[in-house]
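For reference, the structure discussed in these notes is given below.
Derivation of every value follows stated rules applied to the coordinates shown; laboratory data play no part. Predicted model only: the values in this text are computed from it and were never measured. We place every Cβ from the backbone using ideal geometry, glycine too, and count neighbours over all the protein chains shown.
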Amino acid sequence: MSEWQSKTIADLGKVVTGSTPPSRKSNWFGESTPFVTPSDMTEGDRRPRPERWLSAEGLAGLRTRLIPRDSVAFVCIGSIGKVCLLESESVTNQQVNSVIPNANTDGRFLYYLLKHMAPSIAQSASGAATPIINKSTFSQVVVRLPGHATQLRIAAVLGGIDDLIENNRRRIEVLEEMARAIYREWFVKFRYPGHGDVPMVDSALGPIPEGWHVGRVGSFGRIVTGATPSTKQPRYWGEAHDTPFLTPTEMGWRRLYARPARHLSDAGVASVKSRLLPAGAVCFSSIGSIGKVTLAVKPLVTNQQVNSVVVDHSVTSESYVYEALSHASERIRGMASGSATPIINKSTFADIRMVMTPPSLAHLFGREVGLLHSLITKLEEHSSRLGAIRDLLLPQLVTGQIDVSSLNLDTLIAEKVA
């Protein structure tokens, strides 16, 4: 530990606060440079997934805020403590302070160090309604870190695990796109098995094959709106092996699988027992970030921001409902009420028009795409086990409790993940 020294974040590199293009400058958004906000950062994911990008004009207007790759972005307003490693040149919004590492600081190590320190850094926030850590306060946070060579070794271990997780993520993205492509082929282009001799007929949602009809989301099965057990009752909240409690924060855009951050005890489930969803339920975020869709891989409870479909198998399949709602998510967002916080209430959600296929075709689709969904789930579970190893090692490595030179990562992964 003799090489470990205390330094401020400002000692480690240049701190830059982001900025958002003026609302009147709509031409500043385009496809040139990632524009990173807190909502693009997901727990357990090293890199951000930006929803919006800047145009060349936008980048020129915010050129002083451009952050190089391998810098670390840390949320300092609102969801304080979210952190990511920028893997390409990016601009962030004003909720984010980024650290551009100097020659003595490895960006990957700094990412893991700030990830570990996020809870303690968050305690320095001011403001009750919207917590904030200003740039000067963030810059003066004191951290302990080793010499550059040890930083590189620690980052190589933790980064090696995250590289395996990222490889799984890329494979998952391919499988998800394959599932979407099959859905579009069968149910948008209507080139499904046996389509050749079936005439098209008019419907409220446009031409559809004869024998199909327009129903409602409620036609797919029972609609359940989630609920949150009292947070004043500690006995309602459990451990990782208990019943998952899902919120929109953990749901991704067009991502089948979600990893709930919290879990309910048996007492917590009993307090909202009518909201317990079976495996196979399709969850749809309906307040705020409307349109995130997740397939429950095990029984779970959601909060009140999520409407879910408990699928009626005599009518359709889980895979069809998941892909159909994902495909319709933009149309559904346009039906939301409320300006400050958009909302799709339970009755509105249940009444949304959807194309109903013959049950036999929905189940054939379920068998075809269900195989892809099963592979996605296995890869996600493998990533979860890898993430558990990373999260076990991270605090011990970045604080020097474990000598990084004593670790054999390949052996550790083989023992814990295989």
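By Kyte-Doolittle mean hydropathy of at least -1.0 and Cα axial length of at least 15 Å, which whole DSSP H helices of the chain are selected?
Membrane-span-like by this criterion, though nothing is claimed about a membrane: 107-122, 148-187, 359-398.
Are there trypsin sites (Lys or Arg not before Pro) in segment 51-152 that DSSP puts in a loop and that have at most 13 other Cβ atoms within 10 Å, and which ones?
Loop-located and lightly packed - 69.
Using a 10 angstrom Cβ neighbour count of at most 13 plus a DSSP loop assignment to flag exposed GluC sites (Glu not before Pro), which longest range of the chain is free of such sites?
Looking at the chain, 52-238 is the longest stretch - no exposed GluC sites (Glu not before Pro) with at most 13 other Cβ atoms within 10 Å.
For the peptides 345-356, 305-316, 401-412, what is the packing order when you average, over each peptide's residues, the other Cβ atoms within 10 Å and list the highest mean first?
305-316, 345-356, 401-412
Tell me the relative contact order for the chain as a rounded percent, counting alpha carbon contacts under 8 Å between residues six or more apart.
So the answer I get is 15 percent.
Can you tell me the relative contact order of segment 5-145? Whole percent, Cα pairs under 8 Å, sequence separation 6 or more.
About 33 percent, as a whole number.
If I compute Rg/Rh (Cα atoms, Kirkwood Rh) from the structure I just sent, which labelled value in [x] 0.98; [y] 1.33; [z] 1.00 lines up?
Label of the calculated value: [z].
How much net charge surrounds residue 211 when only the other residues with a Cβ under 15 Å from the Cβ of residue 211 are counted, with Lys and Arg +1 and Asp and Glu -1?
Here the count lands on -3.
Mean-square fluctuation check for the chain, GNM, Cα pairs under 10 Å: which of 334, 387, 288 is largest?
334
Based on the alpha-carbon gyration tensor of segment 5-145 and its eigenvalue square roots a ≥ b ≥ c, which shape applies: rounded if a/c is under 1.5, prolate if not and a/b is larger than b/c, or oblate?
It is prolate, given that a/c is not under 1.5 and a/b is the larger ratio.
Could you work out which residue, out of 78, 206, 291, moves most in a Gaussian network model of the chain, that is, has the largest mean-square fluctuation with Cα springs under 10 Å?
206
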